[in-house]
Structures are given as C-alpha cells and as structure tokens.
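Working notes for the structure below.
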Amino acid sequence: MTIQFSVSTSSRVQASAVGVPVGSDGPVSSKVGLNRKQLSERGFEGRVGQTLVLNGLGGASVVVAIGVGAGNSLTPNDARKAAAAFARAAGKVESLATTLAGVGRGNKANIAQAVVEGIQLATHRYCALKSDKNFASPLREVVLVSTAENAAAISRGVKNGAVVANAVCMARDLANTPPAYLTARHFADKAVEIAAQTGLEITVYNKEELLQMGCGGMIGVNQGSVEPPRMVKLSYNPKGAGKKQHVVLVGKGVMYDSGGISLKPSDPSHAVMKMDMSGAAAVLATMSTLGALKCATRVTAFLMCTDNMPSGSALKLGDVLTMRNGKTVEIHNTDAEGRLILADGLSLAAELKPSAIINIATLTGACLVALGEKVAGVLGTNDKLISQLEDAAARVDEPIWQLPLVKEYRRLLDSTVADMRNIGGPAGGTITAGLFLSEFVGNTPWAHLDIAGPMKVDGDDGWMQRGATAFGTRLLIETVTSFKAV
Ligand code: BES
Ligand code: MN
Ligand code: ZN
C-alpha cells in the first residue's frame, strides 16, 4: 500500500509518532522534553542516523528525537539517512509527522525529497508471498510540518520524492520476485503496463524478431531455456529536447542466471541470481519517472530479458555467436552471459547515434570482490560522462568507483576462431568484461555500471531493506534528469 505524504503548516498535527530534529549542537526543542545533558545521558548526541524514542507529550503517542548533526548543515543525503532512522525507530505505526524537511540551510525541496525517500524506502517490504499480513509496514500517512515560507518548496520535494521512491520500490519488488513468477514474458508485460501508465512509447521484441534482427547474444543465451526471451524498447520523447540531449540506457535482464552449462554451485549466491535482472529493473523504474519529473532529456531504453539455463539445447563452450553489430564471439564460459545480451543492446543503442549510452548490469562477481557490497563499479570511454555519473551518485548516496579500461588487457579476450572470446583471464574480471562491452558501442560516449556488489543487502540498513536494493535507480534518474551533452 502506498504512503500518503502531505505538507502542513499547522503545528497541531496528529500522528502516532512525531519526529523532532535535534542537532549535535544548538538548542534542543522543548517538544523533546529533555535537555542536552539528559539526552547525552541516554546516549543520544544528535548525530545523523541517531534517534532516541521518548514518551510523547501533549497527544503524540511517541516522540522520536532525530539526530541532524552539527551546525544546521543537514544535506539531502543526511536527511535521507535521518528520515530512514526515524521511520525505523518509530516502529510499526500508521502515521508519522516531522519538521525534518525544514532543517538545514540548503534547498528545502531537495531535503524534503530525501526525507520522503528515506521514510518510504526504509519501510518498504516485498510482501507478495508472505502469509503474515503484518509483515508489511502499516505506515499510511506522513505529514511534513513546515513553515509557511518553506511550504511550496517542501511540497515540490514531496511530489518528486514520492515518484522516485515508488519507482525504487517497484524495482526492488521486481528483483525480489522469484524467477518462476517473473519470466522475461512477465517482465515485458510489466513494462507494457508501466509504459501505458506513464506515457512512454514501447515496443516488445520476441524471439523470432530478435533472430531476424541478428541479436545473436540474446538468442544464444536463451537457447537452453524453455522460456522465450524478450527485448523491450522504451522511449521518452520530451518536446524540445535538443539533438545532443539523447541518452540510451541498456539494462541486463537475466531473469535467472544458473550459469548455463557452466553451472553455478548451489551456494547461497546462486539463490540470489533471480536478481540478475536488477539492471533492467533499474532502467524500467527510471523510465517510469521521467514524465512526472519533467525530464528535459530524450531517453531510450533497451531491457534485455532472458534467463540463462542449461539443457540439451543450451549454448556450448566453443560455440560462436554473431552479435547484432556483426562481431563474432567464441563462448568459453556460459556463465559470462550478461555481456552477450548487453552486446546486442549496446549495438542497437549505438545505431541510434545518441549523445551517450549508459548500461547497468549485475555483471561480475569480481566487482563485488573488488568494491564490496556498498559500491558499484563504473567504467567507460568518456570522462565527462563518468564525471556526471560520479556527481549524480554523490548527490543520491549511491556510491560508485571508477575502474580503468586497461587497453593492454584486450588481448586476454583474443580468440583463435572468432573476433573475441567471452571471458578474459582469472584476474581483472570486471575490467575484461568492460573491455568486452566496449566493442559494441562504436564511438558513442559510453559508461558501464557494474552493480553486482550493491544489488542486495543482507540486513536492513539505513534506507535499504534486506533483499534487493534497486541500486542504480536513483543514480540513473538523477543522471538523466541533470544530463548535459558530453
Ligand atoms: N550474474 C553474474 C555476476 C554476479 C555475481 C552478480 C555475483 C551478482 C553477484 C554473472 O553473469 C556471472 O556469472 N559472471 C561470472 C563471469 C565469469 C564467468 C567470467 C562471474 O562473475 O563469476
Ligand atoms: Mn552468469
Ligand atoms: Zn549473470
């Protein structure tokens, strides 16, 4: 169920829990009922992310002191974190109220947007398959209490925050959905539904069409499966977008990655391979927000959807595939399938001659090893584009770190019989995967996001909930809505 966010300029708001911002310096609001020393005795210093639950005064059932740090300098990232901590500390309640969106000296719309994101993302759960109806958060209503002066900016932020948070929740739900409930066909149906709701142009390509288009990567990876593939093309065409204002997004949509005949072992990491479509989910979610956010850039998306299964008809080692751009690829490991389907998507993207191509994929375990669970890798051919991604990542608190496309490693992809093979050597797997992808983008400025690390978390943490994170969704939204031609 969705949470209703509203803005009120009245201080007499009723809610099950009221969040009162408290800095690590400066005065303490009388609504808290404790002074600085008493707070400190209870271990509350006012740091961002810290909260203290207190018995309410004057009608509120619970008061939560929300740490907002020093010097009234709250940033949107702090606000998201503080809001998530508030929602968690308040527990299972139906309504919240807080003045948090008015804190800090920055743009109040951005703070309010982050507060909405923090609260919704910290309380959202994938509940479709839970019998216990209490598993879902009961939260229905959140009131952001504002001064008259800030109300317009906060209302704008609330509107955008709800659009973004709903998109992230949708992407998380898709990634958390078990593979039998979300095949490539289901995913394409979902995209059709979202496109109709959000005014996007859509074309869905089936197996025969992909074959005719020469998408050998999609056909090859799908070959062992009884479920057919789907490629979804989505277009967002705002009026007045300049020729240099066109971004193409390509998402890896492996509905389930068994590894194919290079079968993965049955360890816990195998069970999360239902999330191997997290890139495609982030792209679909991003596309769903562009109209509502009045994005000025034209955006086209390709969602490359299939599972990767072993069977008598599956792709074999030594087989050679011809990709959409004509390059031939010798298969040395069927578990390196993401790059094969992205090869077709990137080729199609390059044919459109856009200003930039960005792909997002749960591509390599090596990236998880290199950067851990909190940080995504970024590689690419254009430093200005990568800078834009880095700046956007910093603004939305979805950390990314650039890895180099080391040209000398290209020979690791050399094949005896084809233009290249689909894996490199035992080391530098994220880089060789990136080099592989770079073969399909031509001269178009391009960046690749490897989200294998942050695609999921194992426990609730800030604005993230145990399970799929939809990492990259807010990063892509921020990047395309603030895109400058490179
Ligand atoms: N989907 C996986 C990568 C992955 C691993 C994502 C862990 C999330 C968590 C990808 O298709 C894969 O299997 N990659 C192989 C490539 C290797 C065979 C070159 C890998 O990383 O082991
Ligand atoms: Mn794989
Ligand atoms: Zn995969």
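Tabulated results
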read-out: Enumeration of residues in the range 429-458 that are buried (at least 19 other Cβ atoms within 10 Å of the Cβ) and assigned to a loop (DSSP other than H, G, I, E, B); value: GLU439, PHE440, VAL441, THR444, PRO445, ILE451, ALA452, GLY453, PRO454, MET455
read-out: Of all residues making up the range 184-203, the number that are hydroxyl-bearing (Ser, Thr, Tyr) and touching a residue at least 60 places away in the same chain (Cβ under 8 Å); value: 1
read-out: Residues that are in contact with a helix residue (DSSP H, G or I) (Cβ under 8 Å, 6 or more places away or on another chain) and either modelled with pLDDT of 95 or more or outside the structural domain of ASP78 (by TED's automatic domain parsing) (or both), drawn from the range 20-44; value: VAL20, PRO21, VAL22, VAL28, LEU39
read-out: Matching option when the condition is surrounded by fewer than 23 Cβ atoms within 10 Å (Cβ to Cβ), within 22 Å of ALA392 (Cα to Cα) and more than 14 Å from ligand 2 (Cβ to nearest atom), among ALA241, ALA281; value: ALA241
read-out: Residue satisfying all of: in the range 459-484; part of a loop (DSSP other than H, G, I, E, B) and buried (at least 21 other Cβ atoms within 10 Å of the Cβ); farthest from ligand 1 (Cβ to nearest atom) among these; value: PHE483
read-out: Flag for GLY71 being modelled with pLDDT under 95, farther than 27 Å from ILE477 by Cβ and not in a helix (DSSP H, G or I); value: yes
read-out: Residue check, LEU405 more than 24 Å from the chain's Cα centre (by Cα), away from ligand 2 (no atom under 16 Å from the Cβ), surrounded by fewer than 24 Cβ atoms within 10 Å (Cβ to Cβ) and assigned by TED's automatic domain parsing to the domain that holds MET277; value: no
read-out: GLY291 being assigned by TED's automatic domain parsing to the domain that holds GLY259, within 16 Å of ligand 1 (Cβ to nearest atom) and in contact with a strand residue (DSSP E or B) (Cβ under 8 Å, 6 or more places away or on another chain); value: no
read-out: Options ALA314, ALA241, ALA285; residue that is farther than 18 Å from GLU478 by Cβ and either assigned to a loop (DSSP other than H, G, I, E, B) or more than 16 Å from ligand 3 (Cβ to nearest atom) (or both); value: ALA314
read-out: Helices (runs of 4 or more DSSP H) fully within the range 335-417 counting 1 or more residues that are modelled with pLDDT of 95 or more and within 16 Å of ligand 1 (Cβ to nearest atom); value: 338-351, 365-371
read-out: Residue, nearest to ligand 1 (Cβ to nearest atom), within the range 251-278, restricted to residues that are buried (at least 23 other Cβ atoms within 10 Å of the Cβ) and in a strand (DSSP E or B); value: ASP257
read-out: Flag if LYS159 is modelled with pLDDT of 95 or more, within 16 Å of ligand 2 (Cβ to nearest atom) and either outside the structural domain of GLY467 (by TED's automatic domain parsing) or touching a strand residue (DSSP E or B) at 6+ places or on another chain (Cβ under 7 Å) (or both); value: no
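The values are calculated or read from the model by the stated rules, or taken from the named source; none is laboratory data. Note that this is a predicted model, so its numbers are computed, not measured. All Cβ positions, even for glycine, are placed from backbone atoms using ideal geometry, and neighbour counts span all protein chains on display.
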